[in-house]
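Asks: Supplied in structure tokens, the structure appears directly below.
Laboratory data are not the source of any read-out in this text; all were calculated from the coordinates shown. These figures come from a predicted structure and were not determined experimentally. Cβ coordinates were reconstructed from backbone atoms using ideal geometry, including for glycine residues, and neighbour counts include every protein chain displayed.
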Amino acid sequence: MKKYMAILPWISSPAGFRPVFPENRGRDGTTVRSVIWVSSAIDTANWEIVNVPNTNDITAIQLKGEYGKITIINVYNDCAHPASETAIGALMRSQAEKIKGGEHSYMIWAGDFNRHHPLWDRDEDTHLFTGEA
């Protein structure tokens, strides 16, 4: 844990959880904006990190059990560039069999997508969809 703390001094693990950081952390000086906290009650033999290269904005793990496998992908999507979307596309192509292979394979995508849709607001909130907003 000390290795991570040197990179992210503001992070401290909540009691009973293990942090999973992006594979790229500490390699290129960019800010880490994604982390997954895995309950320490889950046996480490039942989950693994899914490496997402070249980004600090995506973290992924895969849980395995009698239910099959569930891949959880945590995404921070910076609207200033499509880097996260590019990295997700590369992940889905390069690890398709691992992530989507098999009859009982599931995915959960979570995170801060920094996207907004007009259907999420009242009709009179059109001011939210201007360049300034």
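Asks: Just to check I understand the Karplus step: with θ = phi - 60° and J = 6.51 cos²θ - 1.76 cosθ + 1.60, what whole-Hz values come out for the range 57-67, glycine and proline as x?
Replies: Result, ordered by residue: 9, 9, 10, 9, 9, 10, 9, 10, x, 5, 6 Hz.
Asks: Run the quick spin-label model on Ala96 and Asn54: label points 7 Å from Cα toward the beta carbon, then report their separation in nm to one decimal.
Replies: About 1.8 nm separates the two model spin labels.
Asks: Can you list residues from other chains, or at least 5 along the same chain, whose modelled amide H is less than 5 Å from the amide H of Thr55?
Replies: Asn24
Asks: Can you give the Kirkwood hydrodynamic radius of the range 2-129 from its Cα pairs, in Å with one decimal? Mind dumping the intermediate values first?
Replies: Details: mean 1/r = 0.0613 Å⁻¹.
The Cα-based Kirkwood calculation yields 16.3 Å.
Asks: Using the basic label-point model (7 angstrom from Cα toward the beta carbon), what is the Glu124 to Glu103 distance in nanometres?
Replies: Taking the two extended label points, one gets 5.5 nm.
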